[in-house]
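The values are calculated or read from the model by the stated rules, or taken from the named source; none is laboratory data. If you're wondering where the values come from, they're calculated on a predicted model, not measured in any experiment. Positions of Cβ are generated from backbone atoms using ideal geometry, with glycine treated the same way; all protein chains shown enter the neighbour counts.
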Amino acid sequence: MLALLSLKGVGPVTARALASRVAAAFGEPGELADFLSNLDHRPRGFTHVSATELDVAFRAADERIERCAELQIRIASERSSPFWADTWCIPKPPAILYYKGDTKCAAPPGVAVIGTREPTDWGYKSGERIATCCSERGFTVVSGLAVGCDTSAHEGALAATGATIAVLAHGLDTVYPAVNRKLADRILDAGGMLVSEYPPGTELRANQLVERDRLQSALSRAVIVVETDVKGGTMHTVGFASAQGRRLAALSHPDRLLHEPKVQGNQELIRTGKATPLPDNDALNAFLDNVVPSPPAAIPAAPIPDNLFDAGG
């Protein structure tokens with residue numbers, strides 16, 4: 001798969017299509033080149049590959065594997081990965097996932113907790129509490145390591161000593177934003193993971209943020225919107241969640257905050273019936289029950305405020 005992705009003009013869709021055809025044809029580059037060049041039904045955009053081009057591609061793949069090993073980055077594909085089974089079944093799935101951390105955190109069902117980079121103070125605190133509740137219920141919290149709501153989600157999970165997965169839109173040899181580098185280290189130290197579909201050395205680009213958004217919902221059974229306006233990255237994830245068949249909920253705000261620009265998206269999602277409203281702790285627990293029912297023993301004995309989102313806020 002890595003060699004196919006190294007070929008000029010071959011992206012994830014074409015690489016996956018070719019990989020399914022060549023599983024039994026691996027051998028010398030010349031043999032594989034002949035096989036690929038003589039396919040009866042070729043993926044769109046793929047025409048011909050020479051033995052020399054394929055040999056260069058395999059060398060590039062070997063170099064990428066060595067570089068990942070140096071950086072303690074591991075590589076997963078649909079064939080090699082025993083986890084993330086649902087991720088490979090989404091529309092336009094990744095061809096490869098790169099990751100750092102403990103794969104054990106990928107076993108429990110994921111809940112994506114996401115939102116704007118500029119939340120209200122109430123929204124930020126609510127995001128932490130939502131993530132804490134999800135962790136205490138046995139879910140892995142998924143978010144994007146951005147400032148704002150993403151940070152609150154990761155922090156809330158860590159506060160509950162739970163595992164959390166950060167999905168990044170660039171190579172895992174760097175962390176963006178730089179202000180969250182220590183948070184990324186804490187995620188790994190706590191048994192969480194950093195995940196990306198981009199190899200080391202890939203810098204952040206705007207389109208990759210949108211592509212990252214689809215993976216946040218892909219790695220989750222449900223998506224919870226903390227705060228968002230009617231446009232922006234959060235709404236991209238909402239759209240992907242719908243296409244992927246994920247459950248969707250949105251934080252319901254008190255009257256005093258309904259005028260805030262960054263909560264207008266929440267109100268629209270709730271008003272149109274696209275998202276389950278979450279006004280309090282009972283609503284959150286009921287929503288999580290429908291994502292994956294939890295036995296009573298999985299719910300912590302420590303008291304939780306009746307109104308989770310207004311506690312201490």
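Note on the stretch 197-242: residues that are surrounded by fewer than 22 Cβ atoms within 10 Å (Cβ to Cβ), within 15 Å of the chain's Cα centre (by Cα) and among the hydrophobic types (A, V, I, L, M, F, W, C) total 3.
What number of residues within the stretch 249-267 satisfy the criterion of being surrounded by fewer than 16 Cβ atoms within 10 Å (Cβ to Cβ) and part of a loop (DSSP other than H, G, I, E, B)? Number of matching residues: 3.
Going residue by residue through the stretch 173-182, is there one that turns out to be surrounded by 22 or more Cβ atoms within 10 Å (Cβ to Cβ) and assigned by TED's automatic domain parsing to the domain that holds ILE114? There is no residue in the stretch 173-182 that is surrounded by 22 or more Cβ atoms within 10 Å (Cβ to Cβ) and assigned by TED's automatic domain parsing to the domain that holds ILE114. Which of (1) at pLDDT below 95; (2) at positive phi is the odd one out, the single condition ALA206 does not satisfy? Of the numbered conditions (1) at pLDDT below 95; (2) at positive phi, the odd one out for ALA206 is (2). Quick check: is even one residue across the stretch 274-289 modelled with pLDDT of 95 or more, assigned to a helix (DSSP H, G or I), over 19 Å from THR132 (Cα atoms) and out of contact with any Phe, Trp or Tyr (no Cβ under 9 Å at 6 or more places or on another chain)? Taking every residue of the stretch 274-289 in turn, none turns out to be modelled with pLDDT of 95 or more, assigned to a helix (DSSP H, G or I), over 19 Å from THR132 (Cα atoms) and out of contact with any Phe, Trp or Tyr (no Cβ under 9 Å at 6 or more places or on another chain).
Annotation: VAL111 fulfils all but one of (1) over 24 Å from ALA249 (Cα atoms); (2) crowded, with 19+ Cβ neighbours inside 10 Å; the unmet one is (1).
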